[in-house]
Structure formats: C-alpha cells, structure tokens
Amino acid sequence: MKITDVKRTQPLGPQNRNWVLLKIFTDEGIVGLGEWVFGLGRGKFEGLRNTLIGRDPMNINKLHHDMLWQMQGLGAGVELALWDIQGKKLGLPMHQLLGGKLRDKIRMYCDCHAGDFWTGGGYARRWREVRETGVLDPVYEPESYVEMAKRVVGEGFTAIKFDVDVANPWKMDVYDRSISRREHEHIITVIEKVREAIGSYVDLAVDLHGSFNMADALRICKDVEHLDLLWLEDPVRWEWGNVDAMAKICMQTETPICTGEILYGAKMHRELIVKQACDLLEPDIPLSGGAIEIRRIAELAEMYYMSIAPHNMASTLTAIGAAHICSTIPNFLALEYHSHNIPLWSNMLDLKEPIQQGYIAVPEGPGLGVELDEEAIAAHLPGGELIWS
C-alpha cells in the first residue's frame, strides 16, 4: 500500500477552536482520518505531503520518527490517520493494534473554566473590563463556580476542573506575579465553596496556569490541603527549566501537583519524573507526539508510580484516538474534556454525543472506529461548506 495524497480542511472557525481535519489517501482506497495543527503554514503542510506521498502507511514507526524530526511532535494528528489506515486494512480497532485495551470506557474530566465555559474572546474581554471598571465579572463569583459544578456533576462527570487565576480587581501590579491578600482569599473561597457543593466523592482539580510566583503559589497549595484536590495544575510557569522550582513546591505540600501540557515527547518529561517535580503528568497527546510517544511517557511515569491525565483541547476525532490510546495505558487517570460549549464537538462524527455519563466508550470498529459527518460539520461552519485541499 502507498500513500497517494494528503488533504486538510480549512480552519473550522474560532467558535470551533479552528480545528483543522486531515485525510490521508492510499492507492487501495483506504482513507485515514486525523487532525492538522492550526497555524502551521502551507509550506509545512506541503513539506509533510511530499514526505508522505509514495510511502507505506503501514510502517507507522518509521513515519513517526520521520515526522517527529520534521515537525517536532506536531505531526501526531497525522500519526493518528496512519493508525486509522492500518486498522481499516487489518480490520482491527486502533486499541488492538496497540496491544489491546485494559478498559472499555474512558473517564473524562470536564474543564469548566469558571461560572462560564472558556472562550479566548471572553477571557480576554474580562481582563480588559476588570482593569477598566475594577469590578469582578459575575462568572468569577464563588456562587457561579458552584452552579457550574453542580450542573456538570449532574451530567454524570466524576471529575471536574476550574481555573482560579482569573481576571480580578485585586492585582497590586499587573507585571509582578505575587498574589494580593484579597485575591488569595477569593481563590481559597472559590475552591472551598465548590468542594462543599459537590461533596467528598467527586474529584476536583484546579489550574493556576503558572500565573504566580513560587512563594504565593506554594501558599495556595498549602491552604487547600484540607480540600483533598485531585490535583493543582501548574503552580509556577511552564518554561523548561522550572523543574527545580516545581520539585521544591512538591516537597512542601500534600496537594498533588500536575504539569506537562506543553512539553513535547518523553525526553522533555523525563526530568520532571526523575526529579519527582510533580505527582501527575498531563501530556497533550497531539503535542507530545501521538500514540507511540505518549505510551513512552506513560511507561516512564509508571516506573515512578505516577498516573497521567492527558490534556485535550483537540477535535472529537483526536479525542476518540486518545480514548483508544488511553484504554491501553495502565496508569491512566482521566482525559480532559474542554469543549462542552462547542456544539460541533458532540456532532461532528457518525458517533453522536460520544460522552455519556462522564465516559467515552472505546469504539470497536476498524481503525478509529468512527467516520466524519461532513454534512453536520459544514452546517456548523460560517460559510456552510467544508473544503478539502
């Protein structure tokens, strides 16, 4: 079998996080489905196409390494399409190609943002408004967090996450990373109120996005120890080189620390794991390098008794691929669901509403076990047309 062409869609619009879908065509008529990275230019796409045309899509390991060298991990959505082709050729689901599944369904944790789901425009607007008015937006009041938590738990999710480094009027200096006493109080109050509302048996995670300095981030970690968080994410900035700072925080708090969403490949995760600079890892499956690389990360983490909870803001297609991968990983905790406010996410495949009661059932069909519903996708686009080129 040979690859004959590679095509991608236009970005699906900001309301759909500008996902870009991808197809790999073969001389046997089998088409693999994957996802391209929004923002990578035409030149990179043409380079990838030229690399793939004429190659054997069944030799995923070789193509994986070729693409990683060329694209530094951002070819993982292409690797997904290769697994889809191989599964369709052999008549086996992707998880079987990876050695078989350990679980039939994948636990999802819902990223709620705050009292409203996250959008890039809404987030930026609230920062502008709070600086102009000095007034906290109602979606960041503790009561709004509580209402969102109750809503999502009511849908069957057993794990939820909130952002607490949000636009607020209490910053003493917009450049300094310290936390004012009033902001600190607000953060702790939000987390306490949500925990009280959802009870002890729903897992609760919070994200600081590396927004604060070490001393104040550590103070947050220690002041929520009594709330039994699933994890606290990125207490200090993500830049490579913060491993020692992360390790210092881990050594001084009982709150589990999670990080890793922007790191590429197993080698970048290695120092975090070996230095015990976090308690859980959240590698982004596309960014981390796809099925081959994410399993290397998980295996290394398992040697140090760490679980992984992969980051996920990609399309539903990639989430299904992630479900296959995560079904084969022993030390898997939960997969992120960050698209609750995007109607297309639940409607873009022939499998509608894939999340049921907080879980995705792992498909049993060949390859990914799903196909795109191109008419449904087009109906969600501003121009009403899905274009492949």
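The values are calculated or read from the model by the stated rules, or taken from the named source; none is laboratory data. Nothing here was measured: the structure is a model prediction, and the numbers come from that model. With ideal geometry, Cβ positions are generated from the backbone for all residues, glycine too; neighbour counts draw on all protein chains shown.
Assessment of segment 176-184 against the conditions (part of a helix (DSSP H, G or I), surrounded by fewer than 17 Cβ atoms within 10 Å (Cβ to Cβ) and either in the same structural domain as GLU239 (by TED's automatic domain parsing) or in contact with a His (Cβ under 7 Å, 6 or more places away or on another chain) (or both)) yields at least one matching residue.
Would you confirm, using the coordinates I've provided, whether LEU136 is touching a His at 6+ places or on another chain (Cβ under 9 Å), touching a residue at least 12 places away in the same chain (Cβ under 8 Å) and either more than 25 Å from HIS340 (Cα to Cα) or in a helix (DSSP H, G or I) (or both)? The answer is no for LEU136. Among the criteria (1) closer than 30 Å to ARG131 by Cα; (2) touching an Asp or Glu at 6+ places or on another chain (Cβ under 6 Å), the one HIS186 does not fulfil is (2). Can you confirm whether ALA81 is out of contact with any strand residue (DSSP E or B) (no Cβ under 7 Å at 6 or more places or on another chain) and buried (at least 19 other Cβ atoms within 10 Å of the Cβ)? No; evaluated as a whole, the condition is false for this residue. Screening segment 254-263 for residues that are in a loop (DSSP other than H, G, I, E, B) and surrounded by 21 or more Cβ atoms within 10 Å (Cβ to Cβ) and picking the one that is modelled with the highest pLDDT gives THR255.
Report every pair of residues separated by at least 6 positions or lying on different chains whose Cβ atoms are under 6 Å apart, first residue within segment 231-252 and under 22 Å from CYS110 (Cβ atoms), second hydroxyl-bearing (Ser, Thr, Tyr). Going by the 6 Å Cβ cut-off, the qualifying pairs are LEU232/THR255; ASP234/THR259. May I ask you to list the residues in segment 264-285 that are in a loop (DSSP other than H, G, I, E, B) and at positive phi? Scanning segment 264-285 gives a single hit, GLN276.
Across segment 343-389, the number of residues qualifying as touching a Pro at 6+ places or on another chain (Cβ under 7 Å) and either of a type in the set (Asp, Glu) or more than 27 Å from LYS105 (Cβ to Cβ) (or both) comes to 1.
Take the conditions more than 17 Å from GLY75 (Cβ to Cβ) and modelled with pLDDT of 95 or more and apply them to ILE297. Does it pass? Spelling it out, it is not the case that ILE297 is more than 17 Å from GLY75 (Cβ to Cβ) and modelled with pLDDT of 95 or more. When ALA245, ALA197, ALA205 are checked against the criterion of being assigned to a helix (DSSP H, G or I) and either modelled with pLDDT of 95 or more or farther than 21 Å from MET306 by Cα (or both), ALA197 stands alone in meeting it.
For segment 303-326, a residue qualifies if it is touching a residue at least 60 places away in the same chain (Cβ under 8 Å), part of a loop (DSSP other than H, G, I, E, B) and buried (at least 24 other Cβ atoms within 10 Å of the Cβ), and the qualifying residues are ALA309, ALA314, SER315.
Residue count for segment 214-240, restricted to those that are outside any helix (DSSP H, G or I) and either under 22 Å from the mean Cα position of the chain (by Cα) or surrounded by 16 or more Cβ atoms within 10 Å (Cβ to Cβ) (or both): 13.
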